[in-house]
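Read through the structure below, which is laid out as structure tokens, and then see the notes.
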């Protein structure tokens, strides 16, 4: 199973050619996290009518894709990742840390992203760039 980072979901929505090519050739199940849904919501202005179509797309996307929620197990995994990286002086954004924690706590050890700089710092997660 491959986890989608938030930027991957945005690129799917925008029709990015690189991610389309990856998806056409991919045979693995894809998944997401509820944290990505939250990040997407921060980018949607409810008063902007142009954002209404984007909102519909993301709502539909998350109703169809397997997505993992934030659980106590995921919180503990996220904390473990955070402290390991902090001790090494290699901290990353808390959303990215939490997305990785959610995936790893659910047995997903691959992530599809353009944000390789952050996710490559995390042990036990394989970064797939498109």
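Computed from the coordinates by the stated procedures, all read-outs in this text should not be read as laboratory data. Note that this is a predicted model, so its numbers are computed, not measured. Here Cβ is always computed from backbone atoms with ideal geometry, including for glycine, and neighbour counts include all displayed protein chains.
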With the alpha-carbon atoms as the only input, what is the per residue convex hull volume for the stretch 2-128 in Å³? 106
For the chain, averaging the sequence separation of alpha carbon pairs under 8 Å that lie six or more residues apart and dividing by its residue count, the contact order in percent is 31
Given a Förster distance of 41 Å, report the FRET efficiency between residue 27 and residue 88 from their Cβ-Cβ distance, rounded to the nearest 0.05. 0.75
Mind sorting 30, 23 by how few other Cβ atoms lie within 10 Å of their own Cβ, fewest first? 23, 30
Inter-label distance for residue 41 and residue 116, nm, one decimal - labels placed 7 Å from Cα along Cα-to-Cβ: 3.3
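How do 109-122, 36-49 rank on mean C-beta neighbours within 10 Å, highest first?
The densest-packed peptide leads the list: 109-122, 36-49.
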Residue span residue 13 to residue 76: 0.36 nm per residue of separation minus Cα-Cα distance leaves a gain in nm of 19.5 nm
When the helices in the chain are scored as -39500 (n - 2.57) per DSSP H run of 4 or longer and the sum is shared across all residues, what 222 nm value do you end up with, to the nearest 500 deg cm²/dmol? -17000 deg cm²/dmol
